[in-house]
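The values are calculated or read from the model by the stated rules, or taken from the named source; none is laboratory data. Since this is a predicted model, take the numbers as computed values, not measurements. Note that each Cβ is placed from the backbone with ideal geometry, even for glycine, and that neighbours are counted across all protein chains shown.
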Amino acid sequence: MSWTVLFFASLALLFILPLLPALLEWRLKRDALPLRVVREHDGNITHFAKRFHEFVTARFAQALDEAAASAAPRLGRLDTGDAYQLIGAAGVPAMPPQAPGQSVDVLLLGAAGLQLGGGTLYEKEVYARADIRCGDGNSFRALLAGGDIVLGAACDVLRWAHSDHRLVAGARSRLFGRVSAERELVLHGDTRFGRMHAPTIRFGDTAPAGTVPAPVAAWQHTPLQRPDHLLDDAAGRWLLGGDWALPERAHHAGSLVARGSMAVGAQAWVEGSIKCHGDMVVQAGARIDGALVCSGNMTIGAGCVIGGPLVCEQTIAIEAGTVLGSLAVETTATANEIRVREGAVVHGTVWARELGYVAPAGNVG
């Protein structure tokens with residue numbers, strides 16, 4: 001065999017070799033079934049909390065019952081070698097003296113409630129059958145409570161937190177992971193967040209859940225006039241060319257779609273949804289019964305009432321007094337960045353894909 005033939009045979013072998021597994025599968029068909037991909041953890045914000053609750057119930061239910069009648073915490077180790085501590089009705093874990101900023105590498109399990117100090121990193125999950133309350137400056141891997149969770153100022157949640165009742169995050173907290181509550185979330189000023197859900201999410205010390213600004217129906221409205229650049233009017237939807245602005249106190253029974261930007265005047269009322277391909281500005285006191293969708297930035301003025309959902313490709317800014325969704329019909333607000341002023345209320349889900357921020361009341365920008 002000549003060197004030329006050997007050279008080209010080697011090249012052919014090198015070319016075919018990476019394709020060999022695919023060729024064998026094409027010929028033998030030994031792996032024809034699709035891969036099983038579990039996506040529940042993507043769509044269900046409480047997925048990790050439920051899984052952890054199942055673990056605690058299966059592994060520690062009887063031990064927690066026994067610990068509830070004991071004054072002193074009980075120590076133990078899992079099969080993996082990880083340490084855990086069962087804490088009785090007193091609710092105070094047994095911890096060695098520590099300097100601020102040190103960490104606790106112990107799974108904490110409270111038979112009732114838990115009272116934690118401040119300035120500590122909790123590297124393992126923290127669980128309590130009742131409330132979890134802590135001081136300032138803590139960092140938690142994950143939290144699960146059968147009652148309330150009350151975090152002091154400047155606390156961090158690194159992965160997830162879930163309360164069967166109410167979760168309150170103090171000022172300057174950072175909620176990096178998923179945060180949820182069965183009843184209510186309360187976030188105070190200068191707090192960062194990512195993805196969260198509750199029937200009621202209050203930003204700052206707002207009015208009681210379910211209250212809304214003055215009824216829009218009591219205002220005097222002017223029917224929205226058909227614009228000259230109306231491109232289509234079908235099925236209750238107006239398609240508008242270019243930018244468009246609704247006058248103050250205008251009323252439209254239907255949906256609006258603009259190829260440019262959209263501005264909704266103060267106290268205007270749209271009985272439908274609005275979509276635009278630029279920026280969207282909704283001025284103070286407006287009411288939108290449906291969704292808001294834009295490809296630019298979205299600004300929601302003070303005291304608006306919006307049914308939702310809100311979908312934005314860039315930034316959503318929401319001012320104080322605005323209410324999104326309702327207790328009866330929850331909604332969603334999602335964008336790369338979401339900034340909410342203290343005093344706003346959202347019923348449902350808020351998902352900031354890159355940054356969520358609670359602006360303190362009175363601050364501008």
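Listing for the model above:
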item: Residue check for A317: among the aliphatic types (A, V, I, L, M), surrounded by fewer than 23 Cβ atoms within 10 Å (Cβ to Cβ) and closer than 25 Å to V157 by Cβ; result: yes
item: Residue within segment 225-235 that is in contact (Cβ under 8 Å) with a residue 24 or more places away in the chain, in contact with a strand residue (DSSP E or B) (Cβ under 7 Å, 6 or more places away or on another chain) and not in a strand (DSSP E or B) present; result: no
item: D205 closer than 22 Å to I338 by Cβ, modelled with pLDDT of 95 or more and part of a loop (DSSP other than H, G, I, E, B); result: no
item: Scan of segment 48-61 for residues that are buried (at least 16 other Cβ atoms within 10 Å of the Cβ) and either modelled with pLDDT under 90 or hydrophobic (A, V, I, L, M, F, W, C) (or both), ordered by number; result: F48, A49, F52, V56, F60
item: Unique match (being within 19 Å of R74 (Cβ to Cβ) and either hydrophobic (A, V, I, L, M, F, W, C) or not assigned by TED's automatic domain parsing to the domain that holds V56 (or both)) among L151, L108; result: L108
item: Scan of segment 332-364 for residues that are without any contact (Cβ under 8 Å) to a residue 60 or more places away in the chain, hydrophobic (A, V, I, L, M, F, W, C) and not in a strand (DSSP E or B), ordered by number; result: V364
item: Segment 62-78 - residue that is more than 34 Å from the chain's Cα centre (by Cα) and exposed (fewer than 12 other Cβ atoms within 10 Å of the Cβ) and, of those, nearest to W160 (Cα to Cα); result: L75
item: Residues satisfying the stated conditions in segment 181-203, i.e. surrounded by fewer than 20 Cβ atoms within 10 Å (Cβ to Cβ) and out of contact with any Gly (no Cβ under 9 Å at 6 or more places or on another chain); result: E182, R183, E184, D190
item: Test: residue in segment 116-128 that is over 24 Å from A181 (Cα atoms) and without any contact (Cβ under 8 Å) to a residue 60 or more places away in the chain; result: yes
item: Matching residues in segment 210-227 - criterion: being farther than 11 Å from A250 by Cα and at pLDDT below 75; result: G210, T211, V212, P213, A214, P215, V216, A217, A218
item: Residue check, G307 surrounded by 17 or more Cβ atoms within 10 Å (Cβ to Cβ) and touching a residue at least 60 places away in the same chain (Cβ under 8 Å); result: no
item: Matching residues in segment 335-365 - criterion: being hydrophobic (A, V, I, L, M, F, W, C) and buried (at least 20 other Cβ atoms within 10 Å of the Cβ); result: A335, I338, V340, A344, V345, V346, V350, A352, V358, A359
item: One residue from L230, L175 being among the hydrophobic types (A, V, I, L, M, F, W, C), touching a Lys or Arg at 6+ places or on another chain (Cβ under 7 Å) and either at pLDDT 95 or above or loosely packed, with under 14 Cβ neighbours inside 10 Å (or both); result: L175
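Matching residues to (1) touching a helix residue (DSSP H, G or I) at 6+ places or on another chain (Cβ under 7 Å); (2) modelled with pLDDT under 95:
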position: A63; (1), (2): no, yes
position: S70; (1), (2): no, yes
position: R74; (1), (2): yes, yes
position: Y84; (1), (2): no, yes
position: P93; (1), (2): no, yes
position: D105; (1), (2): no, yes
position: G117; (1), (2): no, yes
position: T120; (1), (2): no, yes
position: V126; (1), (2): no, no
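Every residue, every condition in (1) part of a strand (DSSP E or B); (2) under 12 Å from R129 (Cβ atoms), yes or no:
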position: H53; (1), (2): no, yes
position: T57; (1), (2): no, yes
position: D65; (1), (2): no, yes
position: G76; (1), (2): yes, no
position: G81; (1), (2): no, no
position: G91; (1), (2): no, yes
